[in-house]
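Peer 1: Take this structure first; my questions come after.
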Amino acid sequence: MKKLALHWKILIGMVLGVVLGIVWQQFMDQGYVIGFKRVAIPITKQIILDWIQPLGTIFINLLKLIAIPLIIASLIKGISDLGDISKFSKIGGRTIGIYVLSTLVAVSIGLITVNIINPGNGISEETINQLMVDYGADAGNKVAAANEQQESGPLDFVVNIVPDNIFGAASSNGNMLQVIFFVVFFGICLLLIKPEQAKPVKDFFDGLNEVILKMVDLIMLTAPYAVFALLMNLVVSTTNTELFSALGKYAFAVVFGLILMLVVYLIIVKLYTGKSPQFFMKGIAPAQLLAFSTSSSAATLPVTMERVEEHLGVQKEVASFVCPVGATINMDGTSLYQAVAAVFICQALSFDLTFMDQLTIVITATLASIGSAAVPGAGMVMLVIVLESVGLPAEKLALGIALIFAVDRPLDMCRTVINISGDATVSMIVAKSVGKLGSPKVKNWDDNLAE
Ligand code: ASP
């Protein structure tokens, strides 16, 4: 019998997690009836939190655990395989340029969508008050987090890329750009020394890279169970679902924009690389499903890299640089969402936006998405900065964020899928442009394991 492909297994895990979560919510709320008696189900939420949730947490930890070693090993191997610094600067320049361009396209799609759908018109005063009561405190925390981020100087972003201690930098997944900086520097110097001196270092990192890729393979075997745990936990922890419908039009605008962005990727991949939409989707699907389940591009990174390299045919020299940089600075889904959310909030609070304000959103949402961390909910913190840039009064900021809080997690899951799909697309474009796009190494995850 033909083995079920990994993405199907993950999908089944996700569906089961959601279905069982909903079933559990129904029973917990209402109990079930035996004869004439209504009996509460004995599985309390605590049991799920104690026994199911840890499976998901362990899985995310495992992925994060190998992210930094993977970047170090594969980027050093990638740069040293290039054999020539000018090739690397070509890849670097193109990557950054295309990332900025794709983000601008995403924000524009978001703005067009929200201006056509107008989701904020007609939100009642009553709904706004209810949302403020329910989410005001959480929203206040996000605004405070954004204010902290803003208290930095104009060059701090660049200064922060250069670490003063590599072990310090490598000790936190939030410092990915610092690690990349060190590794690129190291890799370039490896190219500058005598080949016979570089060889043992290169061989060591080649071997390390293979070991870590095998670790990704093994971790992925548990993915279907882990996503089951993650999604079931998410569903049982969700409260106040009635407000979902009040925000339905807004959520629709975000999801519709994200789908349009995915279509743009598929068209570009087809036109520029000649690869079909099925090829792209099949290759990247497991990473997309994980992005959806974890809401974190950083946690998904090891899988994104593996899929891009082994299933989309991007050679290591390109994938090892483009993917980790993308996970940190390229967030098309996040920027699109920030544009839609900013306009929605202004519409709902009757704060008029001029054409110039919308242009301001294009610039600030692009920068804000670059500055957003690749973790759940980060896009919402940076949204505060976008709202401030169009002049939304300080006292309305928390109210604005409270408006969208209820549906933020599901939208975060969707935008993270687009974030990693964008990284995969750009990897293919850059690879094609420098002649480093080949055929996939393995056709199936299980073949990979059987090797
Ligand atoms: N969760 C997103 C990511 O990790 C960032 C965000 O939009 O909140 O890519």
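Peer 1: Go through Ser89, Ser74 for me and flag whichever is in contact (Cβ under 8 Å) with a residue 12 or more places away in the chain and out of contact with any strand residue (DSSP E or B) (no Cβ under 9 Å at 6 or more places or on another chain).
Peer 2: Values: Ser89 fails: in contact (Cβ under 8 Å) with a residue 12 or more places away in the chain.
From the options Ser89, Ser74, the qualifying one is Ser74.
Peer 1: Just checking, which of Gly400, Gly391 is more than 17 Å from Pro119 (Cβ to Cβ) and out of contact with any strand residue (DSSP E or B) (no Cβ under 9 Å at 6 or more places or on another chain)?
Peer 2: Values: Gly400 fails: more than 17 Å from Pro119 (Cβ to Cβ).
It is Gly391.
Peer 1: Would you list the helices (runs of 4 or more DSSP H) that sit entirely within segment 212-291 and hold 3 or more residues that are within 16 Å of the ligand (Cβ to nearest atom) and not hydrophobic (A, V, I, L, M, F, W, C)?
Peer 2: Where helices (runs of 4 or more DSSP H) fall fully within segment 212-291 and carry at least 3 residues being within 16 Å of the ligand (Cβ to nearest atom) and not hydrophobic (A, V, I, L, M, F, W, C), they are 248-268.
Peer 1: Those residues that are closer than 18 Å to Leu247 by Cβ and more than 10 Å from the ligand (Cβ to nearest atom), I need them from segment 377-396; list them, please.
Peer 2: Across segment 377-396, the qualifying residues are Leu387, Lys396.
Peer 1: Please go through segment 311-366 and give me each residue that is more than 16 Å from the ligand (Cβ to nearest atom) and not in a helix (DSSP H, G or I), ordered by number.
Peer 2: His311, Leu312, Gly313, Val314, Gln315, Leu349, Ser350, Phe351, Asp352, Leu353, Thr354
Peer 1: Still on this model: So, in segment 397-409, of the ones that are within 16 Å of the ligand (Cβ to nearest atom) and assigned to a helix (DSSP H, G or I), which residue ends up nearest to Phe157 (Cα to Cα)?
Peer 2: My answer is Ile401.
Peer 1: Sort through Val235, Val216, Val227, Val183 and tell me the only one that's closer than 13 Å to Ser80 by Cβ, touching a residue at least 60 places away in the same chain (Cβ under 8 Å) and out of contact with any Lys or Arg (no Cβ under 9 Å at 6 or more places or on another chain).
Peer 2: Val183
All of the numbers you see were taken from the coordinates with simple rules; none came from a lab. Being a predicted model, the structure only gives us computed values, none of them experimental. No Cβ is skipped: glycine too gets one built from the backbone with ideal geometry, and neighbour counts run over all protein chains shown.
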